[in-house]
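**Q** Questions regarding the structure given below will be posed in turn.
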Amino acid sequence: MKVVVHSKNGTRDFECDPGEKVLHAGLRSDVELPYECATGTCGTCKARLVRGRVESQWPDAPGGRYLKGEAEFLTCQSVAHDDCTLEVGGTLKSCEPGASAPRRLGGVVRALRHLTHDVAAFDVDLDAPLDFAAGQFALLSVPGITGARAYSMVNFEPRASRLSFVVKKKIGGAVSTWLCGDGVEGARLDLFAPLGHATFHPGTPKHLLCIAGGSGIAGMMSILSLAGREGHFSAWDGHVFFGVRSAGDGFFLDELEAFRARAGGRLSVTVALSDTDVPASLSDAYAGFDFARGLVHAVAGERMKGRFADVRAYVAGPPPMVDASLRLLLREARLPPADIRYDKFS
Ligand code: FES
């Protein structure tokens, strides 16, 4: 089916396969339809149907609260049943230079390891190599569970044959429960990747600020891996603020320490504990880190005061933490929107 999209900066068209999400069909054809979460929650992908027939595969998606009237729909949740003509509110952006168009691929779950009582890491061995930018994410669909979930890649390598992810076990979360459970090793799943605009590219002439809550640290690990490898910290500073509830909820601390140690003194790591004081055992174990009690965005705001010039900020974590961090970066730090990159999964 042919889908024609009108936007403020022109008209594009692409082919959409039966059963394929309109957003996926557009993105894989290099038509940068607007999107953020790609999982039906944010409403960013809304479009107005001018002609043709579409059907939502998740009519109760939370992003539906942003739709006005019958003609509007979420492209990330809808399939086309006819040739269609759509209108999107904003402009169709051009892809970032060097960005790979997302595509469907399959993979096998490997190496599940539990990092805390409710966070696990796992790898997916891909059927075919994938290029992605540091900071991007993948949609994962698991057998027997409707709908895809978004997970950021933790690793970074060109033409990756294995992707690493972290998953936080959510109460009632079917996919996270499945991923954290027994018997997942060797299971096949489907992916649509790479997605997301919170990307880091070597040569970006900016200090790096990462504010992450919980499993939001995943994409930051990919960014720090690439930045360290490409010598970014020989010319620019890096500041990582990682928020968790308590010492027992911390993970990837050894990996963060390795990034810090290799950055020649130009990468600082601050761990913020929101619910408990910082035990001496933790600050002793990671003597190169700073620690604070408080919400991570507040700790970052306090410690970065007067240091926001030439900063590009990356933010990921639970939506309230991301919203609070964005307020800080826009209103207090006065960073231009182009220097604020974020993911808000829920
Ligand atoms: Fe479709 Fe977020 S991109 S609801």
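**Q** With the full set of protein chains in place, find how many percent of the accessible area of the chain is carbon and sulfur; take the probe as 1.4 Å.
**A** On the chain, the fraction of accessible area on carbon and sulfur atoms equals 49 percent.
**Q** Could you order 342, 35 by accessible surface area, starting with the largest, using a probe radius of 1.4 Å?
**A** Greatest to least solvent exposure: 342, 35.
**Q** Across the range 55-66, in residue order, what do the Karplus-derived ³J(HN,Hα) couplings come to in whole Hz, using 6.51 cos²θ - 1.76 cosθ + 1.60 with θ = phi - 60° and x for Gly and Pro?
**A** The phi angles translate into 9, 6, 8, 9, x, 9, 3, x, x, x, 5, 8 Hz.
**Q** Give the average over all directions of the projected area of the C-alpha convex hull of the chain, one decimal, in nm².
**A** 17.1
**Q** Per residue, what accessible area does the chain have, given a 1.4 Å probe and all protein chains present, in Å²?
**A** Per-residue value: 45 Å².
**Q** Right, another one. What does the convex hull of the Cα atoms come to per residue for the range 144-269, in Å³?
**A** Residue-normalised Cα hull volume stands at 133 Å³.
**Q** Here's another thing I want to ask about it. Report the paramagnetic label zone for residue 85: residues of the range 1-25 whose backbone N is under 20 Å from a point 7 Å from Cα along the Cα-to-Cβ axis.
**A** 1-16, 22-23
**Q** In addition: Take residue 245, project a point 7 Å from its Cα along the Cβ direction, then tell me which residues of the range 254-279 have their backbone nitrogen under 20 Å from it.
**A** Of the residues in the range 254-279, 271-279 have backbone N under 20 Å from the label point off residue 245.
**Q** At a 1.4 Å probe radius, which order do 100, 281 fall into by accessible area, largest first?
**A** 281, 100
**Q** I would also like to ask the following. Using only Cα atoms, what is the ratio of the radius of gyration of the range 80-170 to 2.2 N^0.38 Å?
**A** Dividing the Cα Rg of the range 80-170 by 2.2 N^0.38 Å gives 1.32.
**Q** Moving on. Non-local amide H neighbours of residue 134 (under 5 Å, H modeled in plane, Pro and chain starts lacking H): which ones?
**A** Distant-sequence amide H within range of residue 134: 200.
**Q** Tell me, what is the FRET efficiency for residue 174 and residue 258 to the nearest 0.05, using R0 = 45 angstrom and their Cβ-Cβ distance as r?
**A** Once the sixth-power term is evaluated, E becomes 0.85.
**Q** Multiply the residue separation of residue 302 and residue 127 by 0.36 nm, subtract the distance between their alpha-carbon atoms, and state the gained length in nm to one decimal.
**A** So the extension gain works out to 58.4 nm.
**Q** Give me D for the range 110-159 in µm² s⁻¹, whole number, from Stokes-Einstein with Rh from the Kirkwood sum over alpha-carbon pairs, 20 °C and 1.002 mPa s.
**A** D, rounded to a whole number, is 170 µm²/s.
**Q** Test of the criteria: in the range 34-88, which GluC sites (Glu not before Pro) are in a DSSP loop and have at most 15 other Cβ atoms within 10 angstrom of their Cβ?
**A** 70
**Q** Give me the extension gain from residue 201 to residue 9: residue separation times 0.36 nm, minus the current Cα-Cα distance, reported in nm with one decimal.
**A** Stretched out fully, the residue 201 to residue 9 stretch lengthens by 66.5 nm.
**Q** Once you have a ≥ b ≥ c as the square roots of the Cα gyration tensor eigenvalues for the range 220-346, tell me rounded if a/c is under 1.5, and otherwise prolate or oblate according to whether a/b is larger than b/c.
**A** Judged from the Cα gyration tensor, the range 220-346 comes out oblate (a/c at least 1.5, b/c at or above a/b).
**Q** Continuing with this model, one more query. Scaled to the compact-protein estimate 2.2 N^0.38 Å, what is the alpha-carbon radius of gyration of the range 226-299, rounded to two decimal places?
**A** 1.11
**Q** Looking only at Cα atoms, what is the convex hull volume of the range 1-138 per residue, in Å³?
**A** Taking the convex hull of the Cα positions in the range 1-138, it is 133 Å³ per residue.
**Q** Can you tell me how much longer the chain between residue 287 and residue 66 gets when fully stretched, taken as 0.36 nm per residue apart minus their C-alpha distance, in nm with one decimal?
**A** Stretched fully, the residue 287-residue 66 segment lengthens by 74.9 nm.
**Q** For the range 294-325 and the range 1-77, compute the distance between their C-alpha centroids and round to whole Å.
**A** With the range 294-325 and the range 1-77 each reduced to a Cα centre, they are spaced 31 Å.
The values are calculated or read from the model by the stated rules, or taken from the named source; none is laboratory data. Small disclaimer: the values here were computed from a predicted structure and weren't measured. So basically every Cβ, Gly included, is an ideal-geometry build from the backbone, and we count neighbours across all protein chains shown. Accessible surface areas use protein heavy atoms only, side chains included; no ligands, DNA or RNA. Shrake-Rupley method; radii C 1.70, N 1.55, O 1.52, S 1.80 Å.
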